[in-house]
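The values are calculated or read from the model by the stated rules, or taken from the named source; none is laboratory data. The structure presented is a predicted model; accordingly, all values stated were derived computationally and were not measured. We place every Cβ from the backbone using ideal geometry, glycine too, and count neighbours over all the protein chains shown. In case anyone asks, the SASA skips ligands and DNA or RNA and just uses the protein heavy atoms, side chains included. Shrake-Rupley method; radii C 1.70, N 1.55, O 1.52, S 1.80 Å.
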Amino acid sequence: MKVRGMNNFICIGKVLKPQALKGEVKISANTRDINSYLSYEHLYLGREHQKYAIEKCRIQDDFVVAKLENVDDANTAEKLRNEDVYIDDSQLAVLPEDEFYIQDLIGLDVFSINGETYLGQVAAVDNFSSADIVTIEKDGKEVLFPFLASVVSGVDVQHKKMFVDVPKFKEVCVDED
């Protein structure tokens, strides 16, 4: 069972390049609310999830510009180029009971509305401009479908279940094999 705040890292962006000469980095954010960066006290960078305290942070032209602790010049900032940016999920805002984060869908079992037909397990959720695309796996096969209210009739994160309208699901799903 995944426990919030126990080093469950969520990728929220990528360092693009140094910004100016004093160690700031320009970050491409992949969050719905770029302003959430302004509330974080620290970020984790790279595969090793190196923790950096945020000294200053601002939004500039749809990008985040951050001054990280111990990154005091352009050369040090350059070493962070192309590193993924993470937060620990304890930094996520608490959502209302009927809302959830995309990463909470990973591992859910997908069933028909009545719960009688098992369709697979959520393996991934990818964000595209028009809709989030859910990938489910069953018996080594992958099926993709858009996360739309007309298709997904319910999500029960606590019981690790998602329910779909099977006729609508069949209309929009794509079999990867």
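For ILE113, enumerate residues with amide H under 5 Å from its amide H, sequence gap 5+ or separate chain, H modeled in the peptide plane.
Hits under the 5 Å cutoff: VAL164, VAL166.
Give the carbon-plus-sulfur fraction of the accessible surface of the chain in %, rounded to a whole number; probe 1.4 Å, heavy atoms of protein chains only.
With neighbouring chains kept in place, the figure for the chain is 48 percent.
Report the relative contact order of the range 1-102, percent, no decimals, based on alpha-carbon pairs under 8 angstrom and at least 6 residues apart.
The normalised contact order for the range 1-102 reaches 39 percent.
LYS22: which lysines have alpha carbons under 21 Å from its alpha carbon, excluding same-chain residues fewer than 8 sequence positions away?
Within reach: LYS14, LYS51, LYS56, LYS67, LYS79.
By the gyration tensor of its Cα atoms, with a ≥ b ≥ c the square roots of the eigenvalues, what is the shape of the range 129-174: rounded for a/c under 1.5, prolate for a/b over b/c, or oblate?
It comes out rounded by the Cα gyration axes.
Place a +1 charge on the Cβ of each Lys and Arg in the chain and a -1 charge on the Cβ of each Asp and Glu, then give the dipole magnitude about the Cα centre in debye, rounded to the nearest 20.
So the magnitude is around 500 debye.
Given +1 on the Cβ of Lys and Arg, -1 on the Cβ of Asp and Glu, and no further charges, what dipole in debye does the range 15-109 carry about its Cα centre, rounded to the nearest 20?
Here the size comes out at about 640 debye.
In whole Hz, what ³J(HN,Hα) sequence does the range 158-175 give by Karplus (6.51, -1.76, 1.60; θ = phi - 60°), x for Gly and Pro?
Per-residue couplings from phi come out as 4, 9, 6, 9, 10, 10, 10, 7, 4, x, 5, 4, 5, 5, 10, 6, 10, 8 Hz.
Could you estimate the translational diffusion coefficient of the range 61-140 from the Stokes-Einstein equation, with Rh from the Kirkwood formula over C-alpha pairs, at 4 °C and 1.567 mPa s, in whole µm²/s?
77 µm²/s
What is the P(r) of the range 10-99, as percent of Cα-Cα pairs per 10 Å bin from 0?
18, 55, 22, 5, 1
What's log10 of I(q)/I(0) for the chain at q = 0.08, 0.13, 0.15, 0.16 Å⁻¹, Debye sum over Cα points only, no solvent?
Log-scaled intensity ratios, in q order: -0.33, -0.74, -0.89, -0.96.
Please identify the longest segment of the chain free of exposed GluC sites (Glu not before Pro), where exposed means a DSSP state other than H, G, I, E or B and no more than 16 other Cβ atoms within 10 Å.
Details: sites that count: GLU41, GLU48, GLU69, GLU97, GLU99, GLU116, GLU176.
Longest run free of exposed loop sites: 117-175.
So what is the relative contact order of the range 52-177, in percent, for Cα pairs below 8 Å that sit 6 or more residues apart?
Worked out over the range 52-177, it gives 17 percent.
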